[in-house]
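Here it is: the structure, laid out below.
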Amino acid sequence: MTEFSLSDLEKIIGERARSGDPDSWTAKLFQRGMSKAAQKLGEEAVETVIAAVSADRDALVSESADLIYHWLVVLGIADIPLSEVLNELERRTGRSGIAEKASRLDRG
């Protein structure tokens, strides 16, 4: 199996978004905008949760792939590179999860 990364997927999504291909689901999502892409992300999140609580391993793998894809589409539409999210995750690894969450609650 070849190495495939989220960065590879982000690049493919970007290329397809700019392709204008009428048969490309990615191009259509970008064309329809954030509302549609975010709606699809939410649907995939719910389907992933259902697969998880149903202990359906195959469905969980499949729905997780759909979830990650739609999440990257939403980030792409928002013009947020994956690297920004990864940098935020890296920043958080130096703190306990409880302390990190408390700091976010203090800000909002």
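The values are calculated or read from the model by the stated rules, or taken from the named source; none is laboratory data. Please read these numbers as outputs of a predicted model, since none were measured by experiment. No Cβ is skipped: glycine too gets one built from the backbone with ideal geometry, and neighbour counts run over all protein chains shown.
If you go through segment 1-18 one residue at a time, how many are outside any loop (DSSP other than H, G, I, E, B) and either under 22 Å from Leu86 (Cβ atoms) or modelled with pLDDT of 95 or more (or both)?
Within segment 1-18, the subset outside any loop (DSSP other than H, G, I, E, B) is 6-18.
Still in the running and either under 22 Å from Leu86 (Cβ atoms) or modelled with pLDDT of 95 or more (or both): 6-17.
Total meeting the criteria: 12.
Still on this model: Within segment 64-108, can you find the residues that are among the hydroxyl-bearing types (Ser, Thr, Tyr) and at pLDDT 95 or above? Let's see the steps before the verdict.
The initial filter retains those residues of segment 64-108 that are among the hydroxyl-bearing types (Ser, Thr, Tyr), namely 64, 69, 83, 93, 96, 103.
Residues satisfying the conditions are Ser64, Tyr69, Ser83.
Out of all the residues in segment 41-65, which are surrounded by fewer than 18 Cβ atoms within 10 Å (Cβ to Cβ), among the acidic types (Asp, Glu) and in a helix (DSSP H, G or I)? Can you show your working first?
Quick first cut of segment 41-65, residues surrounded by fewer than 18 Cβ atoms within 10 Å (Cβ to Cβ) only: 42-43, 45-47, 49-50, 52-59, 61-62, 64-65.
With the extra rule that they be among the acidic types (Asp, Glu), the set shrinks to 43, 47, 56, 58.
Result: Glu43, Glu47, Asp58.
From the set of residues in segment 47-92 that are of a type in the set (Val, Ile, Thr) and in contact with a Ser or Thr (Cβ under 9 Å, 6 or more places away or on another chain), which is nearest to Ala17 (Cα to Cα)? Working first, answer last.
In the first step, residues of segment 47-92 are kept if they are of a type in the set (Val, Ile, Thr); the result is 48-50, 53, 61, 68, 73-74, 77, 80, 85.
Checking which are in contact with a Ser or Thr (Cβ under 9 Å, 6 or more places away or on another chain) leaves us with 48, 73.
Details: Thr48: 24, Val73: 9 Å.
Among residues in segment 47-92 that are of a type in the set (Val, Ile, Thr) and in contact with a Ser or Thr (Cβ under 9 Å, 6 or more places away or on another chain), the one nearest to Ala17 (Cα to Cα) is Val73.
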